[in-house]
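The values are calculated or read from the model by the stated rules, or taken from the named source; none is laboratory data. Everything numeric in this text was worked out from a predicted model, so none of it was measured. Here Cβ is always computed from backbone atoms with ideal geometry, including for glycine, and neighbour counts include all displayed protein chains. Surface areas here come from the heavy atoms of the whole protein model, side chains and all, with no ligands, DNA or RNA. Shrake-Rupley method; radii C 1.70, N 1.55, O 1.52, S 1.80 Å.
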Amino acid sequence: MSWYQKKISLKSRSRGAYLITEEIINALPELKDYKVGVLHLFLQHTSAGLSLNENWDSDVRQDLNLALNELVPDDVKGTHYAHSSAGEGPDDMPGHIKSTLVGTDLTIPISNGRLATGTWQGIYLLEFRDYQHTRNVVATINGQK
């Protein structure tokens with residue numbers, strides 16, 4: 001078994017759901033060297049998330065963003081979250097909640113040098129803050145070359 005690890009800086013984005021499959025694959029040419037294994041992606045942030053979801057229809061990204069914003073609004077019945085008083089803004093605590101619900105990591109199988117995702121699956125960065133942030137992902141590959 002062989003291990004490989006790399007930190008990937010994703011391009012800066014503001015609130016929304018972004019398909020980042022190609023960005024991840026392009027940053028990891030080492031994938032092609034693995035016959036079988038797993039890719040683990042870990043997002044080093046607490047107000048964004050990673051998800052594996054439908055990659056064909058861009059409406060899915062818009063709908064995910066809408067649903068998460070309705071599920072966890074920036075304020076609750078006119079009162080703000082206590083954490084927002086720390087000066088980080090009204091979207092910070094809701095971002096932490098969404099990150100907890102969605103998660104910050106994914107594990108994807110590797111088969112014959114490629115990610116073994118389903119036909120319509122893609123890797124999403126879900127950004128929960130309005131202000132543009134650069135997010136870092138630690139990619140770890142474990143497998144047989």
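How about segment 1-102: which trypsin sites (Lys or Arg not before Pro) there are in a DSSP loop, with at most 12 other Cβ atoms within 10 Å of their Cβ? Don't skip to the end; give the middle numbers.
On the way: sites: LYS6, LYS7, LYS11, ARG13, ARG15, LYS32, LYS35, ARG61, LYS77, LYS98; in loops: LYS11, ARG15, LYS35, LYS77.
Listed in order of number, the matching sites are LYS11, LYS35, LYS77.
Take the solvent-accessible surface of the protein heavy atoms, probe 1.4 Å, and return the percent of it on the chain that carbon and sulfur atoms account for. The partial results should precede the final answer.
Values: 4130 of 7950 Å².
So the carbon and sulfur contribution to the accessible surface is 52 percent.
Enter the angle in degrees (range 0 to 90, nearest 10) between the Cα long axis of helix 59-71 and the first principal axis of the Cα atoms of the chain, meaning the one along which they spread out most.
It is inclined by approximately 40 degrees.
With the crude spin-label approximation of a point 7 Å out along Cα→Cβ, what separation in nm comes out for ASN53 versus GLN144?
A separation of 3.6 nm, rounded to one decimal place.
What's the longest uninterrupted piece of the chain once you rule out the chymotrypsin sites (Phe, Trp or Tyr not before Pro) that are loop residues per DSSP with at most 13 other Cβ within 10 Å?
Answer from the scan: 57-119.
If one takes the longest principal axis of the Cα atoms in the chain, at what angle in degrees, from 0 to 90 and to the nearest 10, does the Cα axis of helix 92-102 lie?
40 degrees
Students sometimes get this wrong: rank MET1, MET93 by accessible area, probe 1.4 Å, all chains present, largest first. The partial results should precede the final answer.
Working: MET1 170, MET93 55 Å².
Heavy-atom accessible area, descending, gives MET1, MET93.
Which entries of LYS7/LYS35; LYS6/LYS145; LYS7/LYS32 show an alpha-carbon separation above 20 angstrom in the structure shown?
Details: LYS7/LYS35 22 Å; LYS6/LYS145 17 Å; LYS7/LYS32 18 Å.
In this structure, LYS7/LYS35 lie more than 20 Å apart at Cα.
Taking only protein heavy atoms into account and a 1.4 Å probe, give the accessible area per residue of segment 100-145 in Å².
Numbers: 2310 Å² over 46 residues.
Ligands and nucleic acids excluded, the figure is 50 Å² per residue.
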